[in-house]
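The values are calculated or read from the model by the stated rules, or taken from the named source; none is laboratory data. Remember, predicted model here, so these are calculated numbers, not experimental data. Note that we place each Cβ from the backbone using ideal geometry, even for glycine, and neighbour counts take in every protein chain shown.
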Amino acid sequence: MTRRKTVLDFARGRGPYVWITAYDYPTARLVDEAGVDGILVGDSLGMVVLGLPNTLGVTMADMVRHTEAVARARPRALVVADMPFVSYEPGPETALRNASRLVRAGADAVKLEGGAEYAHIVEKLVKAGIPVMGHIGLTPQRVLTLGGFRMVGRTEEQRKKILEDAKALRDAGVFAIVLEFVPASLAKEVTESVDVATICIGSGPHCDGQILVLHDVIGLSERAPSFAKRYADAASVIKDAVARYAEEVRKGLFPAKEHYRE
């Protein structure tokens, strides 16, 4: 049996790393069998699974339940769970309490959004033995203050802040940093400036790895972002299968004799 991944497998120089989201037992099993390196139980589940307009409505209870489901697949890939909105902002003790719930649910590490202003939170979690993945650039939990889901890092001020955030997170002890929707040139600069793995989403080819939302990859998202690539049309497969099932039921073709006993 292939050895399970640990945070040590994401030391710099061993990429490219392949990450994808999963939110339940069957998809976690499938993406793991496909050979990904890391599975993110993302708070994006609010949008692609629960039908919410953004990630702000996702609760700790949601994250714990979905992390438990993913962990039951016993994936070889590293499992990282998102810290949802206002689960760590109140302070280190709140963050530790909530992060420990995700670890007990089966996560190998947690991810939190934000830069230097949350370095003290990262330090607290790491000292307690909980690995942390950072997330800077477009931070969806700040969508209300950002004015929408838009690229970050175009201005010199934003570029400087993102570089400072990356270094602060590195110093605080993160094992990796997600860079979401920043210019590729900035992602390259960040990657060259820190000695932890950088994982891109919509930020170009220069990072140590890539991550996408599963539903964007397989064609189940209603509105996929421009930086995502669809590799399959699962929506059509599902609709076609259910339509054929419905047709056979209405025509009396299902169930056939092989599907029941007298």
If you scan region 126-143, which residues turn out to be among the aliphatic types (A, V, I, L, M) and under 16 Å from Asp43 (Cα atoms)?
Val132, Met133, Ile136, Leu138, Val143
Looking only at region 185-201, filter to residues that are crowded, with 21+ Cβ neighbours inside 10 Å and of a type in the set (Gly, Ala, Ser); which one of those is farthest from the chain's Cα centre (by Cα)?
Ala187
In region 212-244, what count of residues is obtained for those that are exposed (fewer than 12 other Cβ atoms within 10 Å of the Cβ) and in a helix (DSSP H, G or I)?
6
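If the requirement is being crowded, with 17+ Cβ neighbours inside 10 Å, among the charged types (D, E, K, R) and in the same structural domain as Ala22 (by TED's automatic domain parsing), which of these qualifies: Arg101, Arg97, Arg154?
Details: Arg97 fails: crowded, with 17+ Cβ neighbours inside 10 Å; Arg154 fails: crowded, with 17+ Cβ neighbours inside 10 Å.
None of the others qualify; the one that does is Arg101.
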Scan region 235-246 and give yes if some residue there is at pLDDT below 95 and among the acidic types (Asp, Glu), otherwise no.
no
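Only one of Val182, Val178 is surrounded by 24 or more Cβ atoms within 10 Å (Cβ to Cβ), in the same structural domain as Arg142 (by TED's automatic domain parsing) and either at pLDDT below 95 or assigned to a loop (DSSP other than H, G, I, E, B) (or both); which? So that I can check it myself, show each step before the final result.
Numbers: Val178 fails: either at pLDDT below 95 or assigned to a loop (DSSP other than H, G, I, E, B) (or both).
Every option except Val182 fails the conditions.
Considering only residues of region 6-36 that are touching a Gly at 6+ places or on another chain (Cβ under 7 Å) and part of a loop (DSSP other than H, G, I, E, B), which is farthest from Leu220 (Cα to Cα)?
Of the residues in region 6-36, the ones touching a Gly at 6+ places or on another chain (Cβ under 7 Å) are 15-19, 21.
Restricting the remaining residues to those that are part of a loop (DSSP other than H, G, I, E, B) gives 15-16.
On the way: Gly15: 28, Pro16: 26 Å.
Restricting to residues being touching a Gly at 6+ places or on another chain (Cβ under 7 Å) and part of a loop (DSSP other than H, G, I, E, B), the top hit is Gly15.
Collect the residues in region 128-160 that are assigned to a helix (DSSP H, G or I) and free of Cβ contacts under 8 Å to residues at least 24 places away in the same chain, keeping them in residue-number order.
Kept after step one, since they are assigned to a helix (DSSP H, G or I), are these residues of region 128-160: 140-146, 156-160.
Listed by number, the residues that qualify are Thr145, Leu146, Glu156, Glu157, Gln158, Lys160.
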For region 107-118, indicate whether the set of residues that are among the acidic types (Asp, Glu) and either in a helix (DSSP H, G or I) or surrounded by 24 or more Cβ atoms within 10 Å (Cβ to Cβ) (or both) is non-empty.
yes
